[in-house]
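Trainee: Just passing along the structure, written as structure tokens.
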Amino acid sequence: MQKNIQLKLLPSEASTDSGIKESAALAIGCQVEEIKGFTILKRSLDARGRQAWFILTLRVFVNEPLQPETSRIVKMAFRNVSSAKNTVIIIGAGPAGIFAALKLIEEGIQPIILERGKDVRARRRDIAILNKEGSLNPESNYCFGEGGAGTYSDGKLYTRSSKRGDINRILKLLFFFGAGENILFDSHPHIGTNKLPDIISRMRQYILDSGGKFLFGKRVVDFILENGIVKAVKSDDGDLFEANAFILATGHSARDIFILLQDKKIVIEPKPFAVGIRIEHPQSLIDGIQYHGYQDLPPASYSLVEQVKGRGVFSFCMCPGGIIAPASTSPGELVVNGWSPSKRNNPYANSGIVVTIGEKELEDYSRWGPLAGMYFQKSLEEKAFEQGGGKFIAPAQRMVDFVQSRISSTLPPCSYIPGIHSSPLKDSLPPFVYEGLSRAFVAFGKKMKGYYTNEAVILSTESRTSSPVRIPRNPIDLSHPQFENLYPCGEGAGYAGGIVSAAMDGEKVASQIALKFV
Ligand SMILES: Cc1cc2nc3c(=O)[nH]c(=O)nc-3n(C[C@H](O)[C@H](O)[C@H](O)COP(=O)(O)OP(=O)(O)OC[C@H]3O[C@@H](n4cnc5c(N)ncnc54)[C@H](O)[C@@H]3O)c2cc1C
């Protein structure tokens, strides 16, 4: 007999198979020995009250052997597309580009991925040099290279964009390529930076084995346009690539692509975004606040939002047990972001805290037209780089000192490997961003007692939360309004804000292309 049940368990009960079996037997009214196995269908942690609980939904096998959960196995139909009638060039091997390639293969279309960066292994070396020596390779870094910004990201897999596609299918595909099964049942699935590179490599291998192509070191620098279609794209080494359709999935750090589009008079539009700083607390402090002293729970996270003078200020990409990383893509520009390993076992909790930017704030940049937001981001990044003193050392300040406009005479230990340098961050942030952050910090301290503290350190600048540009597309077939075979896709085009939503957008665009080729 199989029975689906829900259990509310103490963390100690939920942490072992025997603890779960005992509670399940009690709930079902059978002997523990009769339970031959169980599958976790859903798992969430409720730590709002004085007592923390795990809420589990289980399929329990009573007096019958445990069976695999077949609905978790995604059906990847291996098709050899090496001599397919239709080929599609995908520019950019981030989640959008890779998931588009997988979908095209399913549809019998050959994907050819052009990626400016290197494969994950070579990329790892460039990231190590950036962290240790402060020397940036503009083509191979935290944002550029195989897997895109997703590879060395935190790997949190939750998204608010459930309407945009089939989230479960993306999670199942990640599981198929090696992610842990827990991503299929945890309410806040997380892979971790240490696990992502191998998953991405397996996806590449699948694409190659299926007859797709994956070309590294191919930075697209031009579109060859003819009679309302893209005829070919040109890479920086002069190679031309022709195809039936082109998916542009270059992410929101590919500023050269935005500039190229504008130069070629391919319509782009401004899009709202947010900028701010990254803050780091000791993880133990956040655990103490969130868990009311309760021990033995996974590192705690938080999500905060505040309205300051009609402007939203919110936490973004919170990384429990994480590391702050230099996510710059050009020398002389400092961008910070965060990640955490699968175990989330670093002693720090970091999060972006960002302020929404509207058109009014960009008036000084209006000469750049739809690229106003991009140049605004760039100017903040340049100021932060200068303030840090070079080599991607980040300007930093303790939290209360920041709010009270006091220079920090000392800084606490921090996870950011290139190093931090005490600076008055107010000097390099626009006044409305400084005011928004300051007021929000005080308000956050009231919502989470102990959050507003000089034990926390703030690093500048968190400027690339989402794309400042949208590349328009036809609502029906998702092609660009001017070029019927050009498909803007993923975060850079303004249709995604994370790994899962970018992957879903990649699939969506690939499906539309397949419909056209029928
Ligand atoms: C440190 C960090 C942590 C993050 N943590 C999370 C998280 O926990 N959860 C989450 O959902 N999201 C996270 N993100 C964001 C997430 O990684 C992105 O939203 C996602 O990768 C966007 O996917 P994409 O495919 O649209 O673009 P990208 O991942 O940016 O990929 C674009 C690709 O295009 C390539 N490219 C650019 N220009 C060219 C060109 N001219 N020619 C050829 N190739 C080009 C780039 O090299 C890159 O590989 C994080 C990002 C960073 C940097």
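Trainee: Going by what's in this entry, would SER71 be described as touching a residue at least 60 places away in the same chain (Cβ under 8 Å) and either surrounded by fewer than 11 Cβ atoms within 10 Å (Cβ to Cβ) or in contact with a helix residue (DSSP H, G or I) (Cβ under 8 Å, 6 or more places away or on another chain) (or both)?
Mentor: no
Trainee: Could you please give the count of residues in the stretch 103-123 that are within 14 Å of the ligand (Cβ to nearest atom) and either surrounded by fewer than 24 Cβ atoms within 10 Å (Cβ to Cβ) or under 20 Å from TYR416 (Cβ atoms) (or both)?
Mentor: Within the stretch 103-123, residues that are within 14 Å of the ligand (Cβ to nearest atom) and either surrounded by fewer than 24 Cβ atoms within 10 Å (Cβ to Cβ) or under 20 Å from TYR416 (Cβ atoms) (or both) number 7.
Trainee: Something else now. Which condition breaks for PRO65 when tested against (1) within 16 Å of the ligand (Cβ to nearest atom); (2) farther than 30 Å from LYS516 by Cα?
Mentor: PRO65 satisfies all of (1) within 16 Å of the ligand (Cβ to nearest atom); (2) farther than 30 Å from LYS516 by Cα except (1).
Trainee: Provide a single number: the residues in the stretch 36-61 that are surrounded by fewer than 18 Cβ atoms within 10 Å (Cβ to Cβ) and in contact with a helix residue (DSSP H, G or I) (Cβ under 7 Å, 6 or more places away or on another chain).
Mentor: Residues flagged as surrounded by fewer than 18 Cβ atoms within 10 Å (Cβ to Cβ) and in contact with a helix residue (DSSP H, G or I) (Cβ under 7 Å, 6 or more places away or on another chain) within the stretch 36-61 amount to 0.
Per-residue answers, yes or no, for (1) within 16 Å of the ligand (Cβ to nearest atom); (2) outside the structural domain of GLU333 (by TED's automatic domain parsing); (3) assigned to a loop (DSSP other than H, G, I, E, B):
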| site | (1), (2), (3) |
| --- | --- |
| ASP427 | no, no, no |
| ALA440 | no, no, no |
| SER479 | no, yes, yes |
| LYS508 | yes, yes, no |
| SER511 | no, yes, no |
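Trainee: Could you list, in sequence order, all residues of the stretch 157-169 that are under 27 Å from ILE127 (Cα atoms) and surrounded by 20 or more Cβ atoms within 10 Å (Cβ to Cβ)?
Mentor: If the condition is that a residue be under 27 Å from ILE127 (Cα atoms) and surrounded by 20 or more Cβ atoms within 10 Å (Cβ to Cβ), then LEU157 is the only one that fits.
Trainee: Select from the stretch 256-309 the residues that are charged (D, E, K, R), within 25 Å of GLY436 (Cβ to Cβ) and within 23 Å of the chain's Cα centre (by Cα) and list them in ascending order. Can you show your working first?
Mentor: Kept after step one, since they are charged (D, E, K, R), are these residues of the stretch 256-309: 256, 263-265, 269, 271, 278, 280, 287, 296, 306, 309.
Checking the rest, the ones that are also within 25 Å of GLY436 (Cβ to Cβ) come to 269, 271, 278, 280, 306, 309.
Of everything in the stretch 256-309, those that are charged (D, E, K, R), within 25 Å of GLY436 (Cβ to Cβ) and within 23 Å of the chain's Cα centre (by Cα) turn out to be GLU269, LYS271, ARG278, GLU280, GLU306.
Trainee: Still on this structure, I have one more. Could you figure out which of (1) within 19 Å of the chain's Cα centre (by Cα); (2) farther than 30 Å from LEU371 by Cβ; (3) surrounded by 22 or more Cβ atoms within 10 Å (Cβ to Cβ) isn't true of THR329?
Mentor: (2)
Let's see how each residue does on (1) more than 11 Å from GLY155 (Cα to Cα); (2) not hydrophobic (A, V, I, L, M, F, W, C):
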site	(1), (2)
GLY178	yes, yes
ASN182	yes, yes
SER187	yes, yes
ASN194	no, yes
PRO197	no, yes
ILE200	yes, no
MET203	yes, no
TYR206	yes, yes
LEU215	yes, no
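Trainee: Go through the stretch 331-346 residue by residue and tally those that are out of contact with any Pro (no Cβ under 8 Å at 6 or more places or on another chain) and assigned to a loop (DSSP other than H, G, I, E, B).
Mentor: Of the residues in the stretch 331-346, 6 are out of contact with any Pro (no Cβ under 8 Å at 6 or more places or on another chain) and assigned to a loop (DSSP other than H, G, I, E, B).
Trainee: When you look at ILE279, is it crowded, with 19+ Cβ neighbours inside 10 Å, part of a strand (DSSP E or B), within 16 Å of the ligand (Cβ to nearest atom) and touching a residue at least 40 places away in the same chain (Cβ under 8 Å), yes or no?
Mentor: yes
Trainee: Condition test on GLN307, is it part of a strand (DSSP E or B) and surrounded by fewer than 19 Cβ atoms within 10 Å (Cβ to Cβ)? Full working, then the answer.
Mentor: Details: part of a strand (DSSP E or B): yes; surrounded by fewer than 19 Cβ atoms within 10 Å (Cβ to Cβ): yes.
Considered against the rule, which asks whether it is part of a strand (DSSP E or B) and surrounded by fewer than 19 Cβ atoms within 10 Å (Cβ to Cβ), GLN307 comes out as yes.
Trainee: Further question: Residue under question is GLY490, and the condition is that it be part of a loop (DSSP other than H, G, I, E, B) and either at pLDDT below 95 or crowded, with 18+ Cβ neighbours inside 10 Å (or both); does it hold?
Mentor: For GLY490, the condition - part of a loop (DSSP other than H, G, I, E, B) and either at pLDDT below 95 or crowded, with 18+ Cβ neighbours inside 10 Å (or both) - is met.
Trainee: Hey, can you tell me all the residues within the stretch 273-292 that are of a type in the set (Gly, Ala, Ser) and under 16 Å from TYR348 (Cα atoms)?
Mentor: So the first thing to find is which residues in the stretch 273-292 are of a type in the set (Gly, Ala, Ser), and the list is 274, 276, 284, 288.
Result: SER284, GLY288.
Trainee: In addition: State which residue pairs qualify: first residue free of Cβ contacts under 8 Å to residues at least 24 places away in the same chain and inside the stretch 136-157, second residue charged (D, E, K, R) and outside any loop (DSSP other than H, G, I, E, B) in any location, beta carbons under 8 Å apart, and separation of 6 or more residues or different chains.
Mentor: ASN137/ASP126; SER140/ARG123; SER140/ASP126
Trainee: Looking only at the stretch 148-160, decide whether some residue is more than 8 Å from the ligand (Cβ to nearest atom) and modelled with pLDDT under 90.
Mentor: The answer is yes, given that some residue of the stretch 148-160 is more than 8 Å from the ligand (Cβ to nearest atom) and modelled with pLDDT under 90.
Trainee: Ok, one more. Taking VAL500 as meeting all but one of (1) more than 16 Å from the ligand (Cβ to nearest atom); (2) in contact with a Gly (Cβ under 9 Å, 6 or more places away or on another chain), write down the number of the exception.
Mentor: Of (1) more than 16 Å from the ligand (Cβ to nearest atom); (2) in contact with a Gly (Cβ under 9 Å, 6 or more places away or on another chain), only one is false for VAL500: (1).
Trainee: Please work out which residue is modelled with the lowest pLDDT, limiting yourself to the stretch 161-171 and to residues that are more than 11 Å from the ligand (Cβ to nearest atom) and under 15 Å from the mean Cα position of the chain (by Cα).
Mentor: Keep residues of the stretch 161-171 that are more than 11 Å from the ligand (Cβ to nearest atom), which gives 162-169, 171.
Now narrow it down to the ones that are under 15 Å from the mean Cα position of the chain (by Cα): 167, 171.
Details: ILE167: 92, LEU171: 95.
Filtering the stretch 161-171 for residues that are more than 11 Å from the ligand (Cβ to nearest atom) and under 15 Å from the mean Cα position of the chain (by Cα), the one modelled with the lowest pLDDT comes out as ILE167.
Trainee: Of all residues in the stretch 177-196, count the ones that are within 13 Å of PRO298 (Cβ to Cβ) and surrounded by 15 or more Cβ atoms within 10 Å (Cβ to Cβ).
Mentor: 4
Trainee: Need the failing condition index for SER460 against (1) within 30 Å of ILE247 (Cβ to Cβ); (2) crowded, with 22+ Cβ neighbours inside 10 Å; (3) in contact with a Ser or Thr (Cβ under 9 Å, 6 or more places away or on another chain); (4) of a type outside the set (Asp, Glu), just the number.
Mentor: (1)
Trainee: Here are SER328, SER315: which of them is within 16 Å of the ligand (Cβ to nearest atom), outside the structural domain of PHE144 (by TED's automatic domain parsing) and assigned to a loop (DSSP other than H, G, I, E, B)?
Mentor: The conditions single out SER328.
Trainee: Against the conditions (1) part of a helix (DSSP H, G or I); (2) within 14 Å of the ligand (Cβ to nearest atom); (3) under 30 Å from GLY445 (Cα atoms), where does GLN290 fall short? Just the number, please.
Mentor: Condition (2) is where GLN290 drops out.
Trainee: Filter the stretch 197-207 down to the residues that are touching a residue at least 40 places away in the same chain (Cβ under 8 Å) and buried (at least 21 other Cβ atoms within 10 Å of the Cβ) and list them by number.
Mentor: ILE200, MET203, ARG204, ILE207
The values are calculated or read from the model by the stated rules, or taken from the named source; none is laboratory data. It should be emphasised that the depicted structure is a prediction, and the values quoted were computed from it without experimental measurement. Ideal geometry is used to build each Cβ from the backbone, glycine not excepted, and the neighbour counts take in all protein chains shown.
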